[in-house]
Every structure is written in structure tokens, then in C-alpha cells.
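*Asks:* Below is a structure I'd like to ask you about.
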Number of protein chains: 2
Amino acid sequence: MSQLAKLQKWLQDTNTDVAYISDPINVNYFSGYGSDPEERVLALFVFKDADPFLFAPQLNVEEAKASGFEYDVYGYLDHENPFAIIAEKIKARTKNFENWAIEKDNLSVIRYQAIKTFFPTVGMTQDASRFIEQTRLYKSDAEIEIMNQAGADADFAFQQAFAAVKTGVSERDIMGQIEYALKKHGVMEMSFSTIVQAGANAANPHGGPSLDLVEPNELVLFDLGTVKDGYMSDATRTIAYGTPSEKAQDIFKVCLEANVTAMDKAKPGMTAAELDKIARDIITKAGYGEFFIHRLGHGIGKSTHEFPSIMEGNNMELQPGMCFSVEPGIYIPGVAGVRIEDCGHMTKDGFVPFTHTPKELLTIPLS
Amino acid sequence: MSQLAKLQKWLQDTNTDVAYISDPINVNYFSGYGSDPEERVLALFVFKDADPFLFAPQLNVEEAKASGFEYDVYGYLDHENPFAIIAEKIKARTKNFENWAIEKDNLSVIRYQAIKTFFPTVGMTQDASRFIEQTRLYKSDAEIEIMNQAGADADFAFQQAFAAVKTGVSERDIMGQIEYALKKHGVMEMSFSTIVQAGANAANPHGGPSLDLVEPNELVLFDLGTVKDGYMSDATRTIAYGTPSEKAQDIFKVCLEANVTAMDKAKPGMTAAELDKIARDIITKAGYGEFFIHRLGHGIGKSTHEFPSIMEGNNMELQPGMCFSVEPGIYIPGVAGVRIEDCGHMTKDGFVPFTHTPKELLTIPLS
């Protein structure tokens, strides 16, 4: 069943007349047409008993029509009131529009009030966000194939990253080299700004690449992701440039064990919290529990962060088709930081990663 | 007066007890602390009669405290309800919280409902979005100085772009070279994905760089922008690689005249629509009116697109301190596309651009 058909079925099951899809990512998920409208209005309207339509800035209407979306596409000009046109199109399409679902996570108060003006007596209490996050949680084989391709691009990026490491090159220069190599390789977009952190800088898991230079005998951390047909990759590797301190090597060893063990033991039916605990227990037992300061992982798909969240307190059962990261990290301020991350998908037999770059400590000789 | 003081004064003037600032860009604008919280909650609460506070994911609290924000910073952990903590902090801070302003353009319905749960009898009818967009419309000397620096980075980028043009290099390769050179130069972030379009590809003003190769004797269009301390640059140049067709040269000449004339004639007190018309009339008179398919310009600042919109129908008067683009374009499908764009600020004497790369047709010899 297509994503759109699932949404239509949900409208029928819940006796909801209209769904107003406002998040551009979800418009893309259900319609196949993707665009960032910035401050303009892009929306997909789906009905219980009528054909859906796309609504877009006039500038994008031809592109939307050419995108393969099978139904009507309507547009508006900058000086027009988009909600007046939407209301007119809805009222022309069906007599049943008394009961709406809106994306409460996405729709702004001003747009909610604007559409309400044209439908003052209509109930807009149904939350499409909850249905959509549940639907997006389970990836189809086709989605998983695209995410495998995105993973292969991330693996390609790691090879570029490792080749760029030498004495005196800045973190930011390496970041630039990685992203340039990807563009030449045909990868247009990163799923987030590439992270390159050497030595103690990697102890700040939210820091970006700096102008600091790579120095001999330290760890270097790379966290990167690419976009393929609207789906994200996200992976982290930590390598050695020369011979890092024993402490650094020890936290690497513990972090690797946590990553590999969690990936091996992840099985359908296990809860997200249980999986988090497998990795966390290894790190805690080694004495580094206080330095693993984030959740084990996050869901991934059309967003870099989505359901399921792999963390303490989340009793959601992991099931085949769910895609998420396994990314233990140990960050010791002033010393070093290590994170090792793969995203993958759950199958009936266990967790299968999208990235395959080896994880054992790679040592780049000094140069 | 600081941005924060302006907001506090507005609360007093409108007798509003609390402002809930939810857009991360505006949190940064008023507090100085910038971060992308993704799915987590970042907020600034400002009061009529008490000190403001920042509220952030616990992961960001130390960073926020170190950012120079002078008041309290509170955090929450992933498993806590952020709105319960916010409510507790507000009630501990002041007895006056009966009357709120929210950012209607930004606040989602789900978060509006979540905060409402803790303040069921409170009126949240004031729209802080309208006040903020008016405030952000007028840039201070300090903001204009940063935007001049961002413009200088864009000028640097054009030099890299022009040097990368040769036969057989792809649009995407040039894009990668530009962004890599910027990273080495210390520019971490683009304000949008760099556009490089050669020949007829430039006739699609919304298209990105492709794997198509630059060919001799065509125009090449570059539209790019950089970020400096949270402020954007945005500029477009079109150059010749060899000798383009006479038609291509003619649309370049008309577009340049439209750009230069509009920038020269822009004066305070003129409306946005009048400025748009100056450029549009030149293009229309030359016979290309139907190929100038977008507004003349957009405001710029902490966002790439903000007020004022330089378009037909907008009777807002342009005043000193306003920053916007002047970017006429002519797009002839299958033939060529030209756009020439500078952003700048209005002064009492006229429009002063942030970018200074020459605009006369630069010809790169074939190589």
C-alpha cells in the first residue's frame, strides 16, 4: 500500500474528512514532490472521499506537476491569500469537510488561525503528526534500499576523510575536502554539517570543526551524513593519527565494544531502553559511565532525527523496518572523545547496518 | 537600546506580562545565544516586570551560560516534560503572567497546546511575530557592519568561482571548489546551497548545480551566500565563458541595466513596489518582461528571506536601516538565464551594497 493510501485509509478508519499536511518533508513523503517553500505555503490536502491535491507557490507549480504526482496541483501568487484559495478548492472538491486532521507538530498558530478563518465551525482536533510518525517509523524495502545507497556514500566519505589526515591540516580543511570530494562524486547535500574533531576537541560532542590543526598522536573523530533521494545517512568513525595516549586507546576500545555488542544483540521485540542499556552497561562497567552523556541512538529516515529514540525510559519495542543509529560515545574533557556510530535497520534476525567502513582502530602513519 | 530592551519596552507599552520567544533565530536575536535544538525545546521568556530566562535542552545549558547571556539559563532532560519545568520557573519568577505574547509564525499547535495546559486561563492572543519582524526590519550599525563582512566573504567566493571555470568542469565540481575554498578561508556555513548554472540551465531559476559540464561560449551564473556571526550574505553574478550568443549578451546587458538603475534610484521614502517597477520597466521595455518571473528582491539579515519584500503590491516605504536584495533576472527557456544580485542597506542618501564584485560582463578566456 502506498504511503498516500495508508493516509487515506487512516482518514476512513478515524472518520476524518480532511488531512492538512503542512510539513514539507511529509508533503514529500505522501506526494513524492519535494521542495523547501521557506516562508511560502506548500501543502498537501488528502480527503476521505475525494482525490488529494497539492498546493504550492506558483513558482513551483510546473515542477510539482512534472514530479509524478498524479492529482491536481494548485498555486498562488505572492500577493494572494493562500488560505482563501485553499478553502475555495476544498469546497469545490467535496461536501464533507467538517472534521480535519492537522499536523500539530508542524502547523504554526498563525496558519492554524488563518485556515480556521475560512472554516470557523470545523473541528481540527485530530493530530496527523502522531499517525505520520508511526507510519514513517516502518521503512519499506524501497526506502531501505535508498538508505543503503546513502550509507555507501557515507562509506565513500570516510575514505576521503582518512586520506586527508596529516600533520598541520586543520579540522575545517579536512571537512572542506570531504564535502568537495562528495560533490565531485555526485552527492549534492549533507544531512548535517560534517564534524571533524581532533584530540581533546572531540570531547565536546556538539562542537564543529575548528581551525585547530591535527597534531601527531591523537584520535580524530568524523561524524558525517549524506542525502540520497530525500533519505539521510549518518555515521561516525574515530581513527588514530600516530599513537594516541593509552587513555585514549582505552576509551576507544570500550566504545567499540559497546557499539559492536549493541549492534550484535539488537533483536526485534527488545525495547529501545533495553538496547540503550546494553551499550551503557559496558561503558559504565569500564568506569566511563559519566562520560557517555547522550542517548545510544536516534531514528533516521527522511529526517536525521526521528522515531525511535534509543534511550532510557523508551519502552517502544524495536521491530523489523525500524531504522536507527547505534552510537555510543565517551567524552573526557581535556583528554579525548570517541564516538562510533552506524545507522541500520532492524530485521527479523537482528540489526543490519547501512555503513560498512571497518571500525577497529585504524592507525594513519604520521606524515 | 538593546534588542532585548526593545522587547521589554514593547511588553510594557502593550501591557503584556510574558513573551514566549520560540524561533531559534529570534532566541538568538534577543539573547545572543544561538543553537539549533532540532526536535527539542529552546525558548526565551521575557517579562514585563522580571528578568528574562533562557530554557534549553540540558546538553546545551553550559554552552548557553558561557554565551554571554546575563540572566538565568534552565534546562531539561530528554525524559522530562519541558513545559512543566517552564511553568514552574515562570510561576517562581513573577505573579504577573495573565497575558502572553507568542510567536504565532513559529509556535506549533502542539506546543501552544502544551504550554496552555499549564496556564489554562491565560490569554495568549498577542502576536510577537509582528513586533519582531518590524524590529528586525531595521538593522543597527553593528548589524550592518557584520553584513558588510559577510558580503566581503561572498566577494571572495566569486573570485574562487570565476577561477574554477574551464571547459569540461561540471557545475557541481565548481560548486564544491567554491565551498571548499570558503572553508579554508574560515567560512563555515553557506546561507543556502550554492547555485552554479551554465548555458540554458540558468534559465531555471530554481535549479541546482548539475553534473552538466561547462561548455565554451556560454554564460555561467553563480548565486551564493555565506553566514557571518548569524547574518547572511546573498549575491549573484553572471559571467561569460568565451563568447556567448548575441541573444545571451543582450539579456545580460538589459539585466545589468535593471540592476544598476534600481540600485542607483533606490531612495528612502520610495515604496518597495516602486523600486520593483523601476527594474521591471527596463526589462519589459526591452521585450523581456515575461521572462522576469520573480520579485525584484527580498529582505535579508538573520534570515536569507525576511522583510521587506521588494515586489508589486508592497507599499511599505523603504527606510534607512532596511537591508534587501536587488536581483533582476531574465530566464529564456532553452537559451540562457541571467541574474545579477546585490544585497545592501538603505541609507538617507540611497542604497549601499554589501558586495562589490564588478558586474560588467566578465569574459573568461576559453581554456
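*Asks:* Where does the charge balance sit around B:THR271 when Lys and Arg score +1, Asp and Glu -1, over other residues with C-beta under 12 Å from its C-beta?
*Replies:* That works out to -2.
*Asks:* Taking chain B as a Gaussian network, Cα atoms linked when under 10 Å apart, which of B:VAL227, B:VAL352, B:VAL335 shows the biggest mean-square fluctuation?
*Replies:* B:VAL335
*Asks:* For region A:58-166, which trypsin sites (Lys or Arg not before Pro) are both in a DSSP coil and crowded by at most 16 other Cβ atoms within 10 Å?
*Replies:* Numbers: sites: A:LYS65, A:LYS89, A:LYS91, A:ARG93, A:LYS95, A:LYS104, A:ARG111, A:LYS116, A:ARG130, A:ARG136, A:LYS139, A:LYS166; in loops: A:LYS95, A:LYS104, A:LYS139, A:LYS166.
Passing sites in region A:58-166 are A:LYS95, A:LYS166.
*Asks:* If one computes the Cα centroid of region B:17-46 and of region A:249-298, what distance in Å separates the two points?
*Replies:* 33
*Asks:* Still on this model: Treat every Asp and Glu Cβ in chain A as -1 and every Lys and Arg Cβ as +1, leave all other atoms uncharged, and give the resulting dipole magnitude about the Cα centre to the nearest 20 debye. Intermediate values should be presented prior to the final figure.
*Replies:* On the way: 33 positive and 51 negative charges, 85 e Å.
Approximately 420 debye in magnitude.
*Asks:* Would you kindly work out, in nm and rounded to one decimal, the distances from the label point of B:ALA163 to those of the same position in each other copy, ordered shortest first, with label points 7 Å along Cα-to-Cβ?
*Replies:* 2.3
*Asks:* Work out, step by step, the length gained on full extension between B:HIS294 and B:LEU361: first 0.36 nm times the residue separation, then minus their alpha carbon distance; give nm to one decimal. Don't skip to the answer; put the middle values down first.
*Replies:* Numbers: separation 67, 0.36 × 67 = 24.12 nm, distance 2.24 nm.
Roughly 21.9 nm would be gained on extension.
*Asks:* Counting pairs of alpha carbon atoms under 8 Å apart in space and at least six apart in sequence, what relative contact order in percent does chain A give?
*Replies:* Relative contact order for chain A comes out at 14 percent.
*Asks:* Here is a further query. Share of antiparallel DSSP beta bridges in region A:3-137, in percent to the nearest 5?
*Replies:* Of all bridge pairs located within region A:3-137, approximately 40 percent are antiparallel.
*Asks:* At a threshold of 8 angstrom on Cα-Cα distance, excluding pairs fewer than six apart, so keeping six or more, what relative contact order does region A:3-137 reach in percent?
*Replies:* Averaging sequence separation for qualifying contacts and normalising by length gives 24 percent for region A:3-137.
*Asks:* Now a separate question. Which aspartates and glutamates, if any, have their Cα less than 13 Å from the Cα of B:LYS184, not counting same-chain residues under 8 positions apart?
*Replies:* A:GLU171, A:ASP173, A:GLU179, A:ASP212, B:ASP153
*Asks:* Can you give the convex hull volume per residue for the Cα atoms of region B:257-332, as a whole number of Å³?
*Replies:* In region B:257-332, the Cα convex hull volume per residue is 80 Å³.
*Asks:* Jot down the radius of gyration and Dmax of region B:91-152, Cα atoms only, both in angstrom.
*Replies:* When restricted to Cα atoms, region B:91-152 yields Rg and Dmax of 16.9, 51 Å.
*Asks:* Rounding to the nearest 20 debye, state how big the charge dipole of the protein assembly as shown is about its Cα centre with +1 on each Lys and Arg Cβ and -1 on each Asp and Glu Cβ. If you can, show how the numbers build up before the last one.
*Replies:* On the way: 66 positive and 102 negative charges, 143 e Å.
Value, rounded to 20: 680 debye.
*Asks:* Could you check what % of the DSSP bridge pairs in the protein assembly as shown are antiparallel, to the nearest 5? Each step should come with its number before you reach the end.
*Replies:* Details: 79 of 105 bridges.
Percent antiparallel among DSSP bridges in the protein assembly as shown is about 75.
*Asks:* Need one number: nm distance between label points at A:LYS9 and B:LYS6, each 7 Å from Cα along Cα→Cβ, rounded to one decimal.
*Replies:* The answer from the label model is 5.3 nm.
*Asks:* Please report Rg (one decimal) and Dmax (integer) in Å for the Cα set of region A:219-367.
*Replies:* For region A:219-367, the Cα radius of gyration and maximum Cα-Cα distance read 15.1, 49 Å.
*Asks:* According to a simple spin-label model (label point 7 Å from Cα along Cα-to-Cβ), what is the distance in nm between A:GLU215 and A:LYS247?
*Replies:* 1.3
*Asks:* Using a Förster distance of 56 Å, how high is the FRET efficiency between A:THR135 and B:ASP349, based on the Cβ-Cβ distance and rounded to 0.05?
*Replies:* According to the calculation, E is roughly 0.45.
*Asks:* Then there's this: Rounded to whole Å, how close does chain A get to the rotation axis onto B by Cβ? Give me the residue too, please?
*Replies:* Per the Cβ-to-axis criterion, the result reads A:TYR180, 2.
*Asks:* Something else now. State to the nearest 20 debye the size of the charge dipole of region A:1-90 about its Cα centre, where the only charges are +1 on K and R beta carbons and -1 on D and E beta carbons.
*Replies:* Values: 6 positive and 15 negative charges, 68 e Å.
Here the size comes out at about 320 debye.
*Asks:* Which aspartates and glutamates, if any, have their Cα less than 20 Å from the Cα of A:LYS116, not counting same-chain residues under 8 positions apart?
*Replies:* Reachable aspartates and glutamates: A:ASP17, A:ASP23, A:GLU39, A:GLU80, A:GLU88, A:GLU98, A:GLU103, A:ASP105, A:ASP127, B:GLU103, B:ASP105, B:ASP127.
*Asks:* Projected onto the charge dipole of region B:41-184 (+1 at Lys/Arg Cβ, -1 at Asp/Glu Cβ, origin at the Cα centre), which of B:VAL165, B:VAL73, B:PHE119 gives the Cα projection farthest towards the positive end?
*Replies:* Going by the charge dipole, the pick is B:PHE119.
*Asks:* On to the next question. Per residue of A:72-81, what is the mean number of Cβ atoms on other protein chains within 10 angstrom of that residue's Cβ?
*Replies:* 2
*Asks:* List, shortest first and in nm to one decimal, how far the label point of B:ASN96 (7 Å from Cα along Cα→Cβ) is from its counterparts in the other copies.
*Replies:* 5.2
*Asks:* Let me ask something else about it. For chain B, what is the convex hull (Cα atoms) projected area averaged across all directions, in square nanometres? All intermediate terms of the calculation are to be shown ahead of the outcome.
*Replies:* On the way: hull surface 78.5 nm².
It is 19.6 nm².
*Asks:* Work from the charge dipole of the protein assembly as shown (Cβ charges, +1 for Lys and Arg, -1 for Asp and Glu, about the Cα centre) and give the residue of B:ASN201, A:ALA273, B:SER35 farthest towards its positive end.
*Replies:* With unit charges placed on the Cβ atoms, the residue in question is A:ALA273.
*Asks:* A further question on this structure: What percent does the relative contact order of region A:209-321 come to when contacts are Cα pairs within less than 8 Å and at least six residues apart?
*Replies:* After rounding, I find 24 percent.
*Asks:* Quick check on the exposure proxy: order B:HIS185, A:HIS345 from fewest to most C-beta atoms within 10 angstrom.
*Replies:* B:HIS185, A:HIS345
*Asks:* Follow-up question, since we're still on this one. Measuring nothing but label to label, 7 Å from Cα along Cα→Cβ, what are A:LYS247's distances to the other copies in nm, shortest first?
*Replies:* 6.9
*Asks:* Next question. So, counting K/R as plus one and D/E as minus one, what does the shell of residues with Cβ under 12 Å around B:PHE162 add up to?
*Replies:* My count for the surroundings of B:PHE162 gives +1.
*Asks:* Can you give me the pair-distance distribution of region A:3-137, C-alpha pairs, 5 Å bins, whole percents?
*Replies:* Bin by bin from 0 Å, the calculated values are 2, 10, 23, 26, 23, 13, 3, 0.
*Asks:* Of all alpha-carbon pairs in region B:33-78, indicate the percentage at a distance above 12 angstrom.
*Replies:* Value for region B:33-78: 57 percent of Cα pairs lie more than 12 Å apart.
*Asks:* How many nm is it between the label spots at B:ALA84 and A:THR284, if each spot is 7 Å from the Cα in line with the beta carbon?
*Replies:* So the label points at B:ALA84 and A:THR284 sit 2.2 nm apart.
*Asks:* May I ask you to sort A:GLU171, A:GLU312, B:GLU306, B:GLU70 by Cβ crowding, counting other Cβ atoms within 10 Å and putting the fewest first?
*Replies:* The order, fewest Cβ neighbours first, is B:GLU70, A:GLU312, B:GLU306, A:GLU171.
*Asks:* Sticking with this one: Calculated FRET efficiency, B:ASN204 and B:GLN149, Cβ-Cβ r, R0 22 Å, to nearest 0.05?
*Replies:* After rounding, the FRET efficiency stands at 0.10.
*Asks:* A further question follows. What does the charge count around A:ARG130 come to, taking other residues whose C-beta lies under 10 Å from its C-beta (Lys +1, Arg +1, Asp -1, Glu -1)?
*Replies:* Values: positive: A:LYS104; negative: A:GLU103, A:ASP105, A:ASP127, A:GLU133.
Summing Lys and Arg as +1 and Asp and Glu as -1 gives -3.
*Asks:* How large is the helix-only mean residue ellipticity at 222 nm for chain B, computed as the sum of -39500 (n - 2.57) over DSSP H runs with n ≥ 4, divided by its residue count, in deg cm²/dmol to the nearest 500?
*Replies:* -11500 deg cm²/dmol
*Asks:* Across every pair of different alpha-carbon atoms, what Kirkwood hydrodynamic radius in Å does the protein assembly as shown reach?
*Replies:* Its Kirkwood hydrodynamic radius stands at 27.6 Å.
*Asks:* Could I ask something else about it? Please report the antiparallel percentage of DSSP beta bridges with both residues in chain B, rounded to the nearest 5. Could you put the intermediate results ahead of the total?
*Replies:* Details: 39 of 52 bridges.
Beta bridges within chain B, antiparallel portion: roughly 75 percent.
*Asks:* Moving on to the next point. Under the Kirkwood approximation applied to all pairs of distinct alpha-carbon atoms, what is the hydrodynamic radius of region A:166-223 in Å?
*Replies:* Hydrodynamic radius (Kirkwood, Cα only) of region A:166-223 equals 11.8 Å.
Computed from the coordinates by the stated procedures, all read-outs in this text should not be read as laboratory data. Since the model is a prediction, treat every value here as computed from it, not as a measurement. Glycine gets a Cβ as well: all are built from the backbone with ideal geometry, and neighbour counts include every protein chain shown.
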